[in-house]
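K.L.:
Pasting in a structure now, in structure tokens, and then I'll have a few things to ask.
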Amino acid sequence: MELIRIPSLVDNYIWLLIYQGNCIIVDPCAAKPVQQFLQKNAIKPVAILLTHRHHDHVDGVKELQKYYPELVVYGPMETSSKGATCIIKGGEQLNFAGFSWQIFAVPGHTLGHVAYYQKPYLFCGDTLFSGGCGRIFEGTAEQMYHSLETLKALPDETLVCCAHEYTAANMVFANYFLPHDEAIKAYTLAVNQKRAQKQSTLPSQLKVEKKINIFLRYDDPYLQKVLGFSPATCSNCDVFAKIRKLKDRF
């Protein structure tokens with residue numbers, strides 16, 4: 001299998017997982033760049049996976065369906081009006097073309113947001129970013145916290161295939177609160193070098209995210225103290241909620 005990212009819009013990535021001349025498309029925000037890639041490389045799309053209903057994840061679906069009428073489009077209920085032809089939900093297992101995807105309900109960014117996992121690939125939409133997490137538009141901080149807990153429990157080798165190139169901005173935020181953290185400093189340097197050369201920072205590895213993503217370090221006693229909490233009495237969810245609020249205002 002080969003993992004391909006197609007840049008689109010300002011900072012989106014459309015992910016393609018290619019196998020035996022076929023491919024799965026994830027969160028196509030636009031159809032044209034996908035069509036161009038598929039035609040150039042003689043690849044046949046067999047399915048689309050949608051994580052949530054926002055336009056910058058689904059706007060290419062209906063045009064791709066016109067061009068490839070046999071496409072099966074999987075997505076949560078909130079994508080039923082966006083072109084999804086097969087509704088899925090968290091806790092289910094999606095089996096097709098030799099793949100077996102675990103589907104996780106990850107509410108927070110939207111209430112119906114889902115993530116797809118088949119080792120080592122995690123397609124998590126706008127829930128987990130490299131160095132960050134999605135804004136909470138519809139859910140609660142508690143829901144997003146539990147969603148991140150779910151993803152954090154996956155194997156360290158998991159490849160985090162999120163939908164946006166937000167890494168550099170996320171690391172500015174991390175450095176503001178933990179300026180002396182060696183892992184964060186080293187990762188920030190590597191990210192800035194890649195972006196200076198117009199290279200992508202994605203996918204990232206989950207084991208790296210656990211070290212440099214402060215949205216996953218809500219259980220870090222030092223970070224808890226920096227944020228004004230007492231490690232002996234605070235809840236991880238409260239720590240996460242404060243980090244998210246601070247990022248919203250940053």
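K.L.:
So between GLU70 and VAL10, what do we pick up on full extension, going 0.36 nm a residue minus the alpha carbon distance?
P.N.:
On the way: separation 60, 0.36 × 60 = 21.60 nm, distance 2.95 nm.
Extending this stretch completely gives an extra 18.6 nm.
K.L.:
Between THR140 and LYS44, what's the calculated FRET efficiency when r is the beta-carbon distance and R0 is 45 Å? Round to 0.05.
P.N.:
With a Förster radius of 45 Å, E is 0.65.
K.L.:
Given the options ASP56, ASP238, ASP11, which has the most mean-square fluctuation in a GNM of the chain, springs set between C-alpha atoms less than 10 angstrom apart?
P.N.:
Fluctuation is largest for ASP11.
K.L.:
Now a separate question. Which value in deg cm²/dmol, rounded to the nearest 500, describes the helix-derived mean residue ellipticity at 222 nm for the chain, given -39,500 (n - 2.57) per DSSP H run of n ≥ 4 and division by the residue count? Intermediate values should be presented prior to the final figure.
P.N.:
Numbers: 9 runs with 86 residues, N = 250.
The per-residue figure over the chain is -10000 deg cm²/dmol.
K.L.:
Please get the size of the charge dipole for the chain, origin at its Cα centre, with Cβ charges of +1 on Lys and Arg and -1 on Asp and Glu, quoted in debye to the nearest 20.
P.N.:
Values: 26 positive and 23 negative charges, 93 e Å.
With Lys and Arg at +1 and Asp and Glu at -1, about 440 debye.
K.L.:
Measure nothing fancy, just the Cα-based angle from helix 141-152's long axis to the longest principal axis of the chain, in degrees from 0 to 90, nearest 10.
P.N.:
The angle comes out near 70 degrees.
K.L.:
Find the eigenvalues of the gyration tensor of the Cα atoms of the chain, then list the square roots of 5 times those eigenvalues as equivalent ellipsoid semi-axes, largest first, in whole angstrom.
P.N.:
Equivalent-ellipsoid dimensions as semi-axes: 32, 20, 15 Å.
K.L.:
Further, regarding this structure: Ranked from highest to lowest mean number of other Cβ atoms within 10 Å per residue, what is the order of the peptides 36-42, 166-172, 15-21, 142-148?
P.N.:
Numbers: 36-42: 12.1, 166-172: 20.3, 15-21: 16.3, 142-148: 21.9.
Output ranking for 36-42, 166-172, 15-21, 142-148: 142-148, 166-172, 15-21, 36-42.
K.L.:
How would you rank HIS57, HIS164, going from fewest to most other Cβ atoms within 10 Å of each one's own Cβ? Present the calculation step by step, with values, prior to reporting the outcome.
P.N.:
Numbers: HIS57 26, HIS164 21.
In order of increasing Cβ crowding within 10 Å: HIS164, HIS57.
K.L.:
May I pose another question? Provide Rg and Dmax in Å for the stretch 1-88, with only Cα atoms included in the calculation.
P.N.:
Radius of gyration, then largest Cα-Cα span, for the stretch 1-88: 11.7, 33 Å.
K.L.:
Another question, if that's okay. Once both axes come from the Cα atoms, what is the angle between helix 32-41 and the longest principal axis of the chain, in degrees from 0 to 90, rounded to 10?
P.N.:
Helix 32-41 sits at roughly 60 degrees to that axis.
K.L.:
Take the Cα gyration tensor of the stretch 102-250, multiply each eigenvalue by 5, square-root it, and list the three semi-axes largest first, rounded to whole angstrom.
P.N.:
Semi-axis lengths for the stretch 102-250 are 21, 20, 14 Å.
K.L.:
Between ALA183 and THR85, what's the calculated FRET efficiency when r is the beta-carbon distance and R0 is 45 Å? Round to 0.05.
P.N.:
For R0 = 45 Å, the calculated efficiency reads 0.55.
K.L.:
Measuring from label point to label point, each 7 Å out along Cα→Cβ, what is the LEU246 to TYR176 span in nm?
P.N.:
Here the modelled spin labels are 0.9 nm apart.
K.L.:
While we're here: Listing ASP219, ASP59, ASP126 from the residue with the fewest other Cβ atoms within 10 Å to the one with the most, what is the order?
P.N.:
On the way: ASP219 15, ASP59 19, ASP126 24.
Ranked by crowding around the Cβ, least crowded first: ASP219, ASP59, ASP126.
K.L.:
Right, next: If I take R0 = 41 Å and measure r between the Cβ atoms of MET77 and ALA168 in this structure, what FRET efficiency does the formula 1/(1 + (r/R0)^6) give, to the nearest 0.05? Before the final figure, lay out each step's value.
P.N.:
On the way: r = 34 Å, r/R0 = 0.83.
Computed FRET efficiency for MET77 and ALA168 comes out at 0.75.
Only the coordinates and a few stated rules stand behind these numbers; no lab work does. Since the model is a prediction, treat every value here as computed from it, not as a measurement. In this analysis, Cβ positions are derived from the backbone assuming ideal geometry, glycine residues included, and neighbour counts consider all displayed protein chains.
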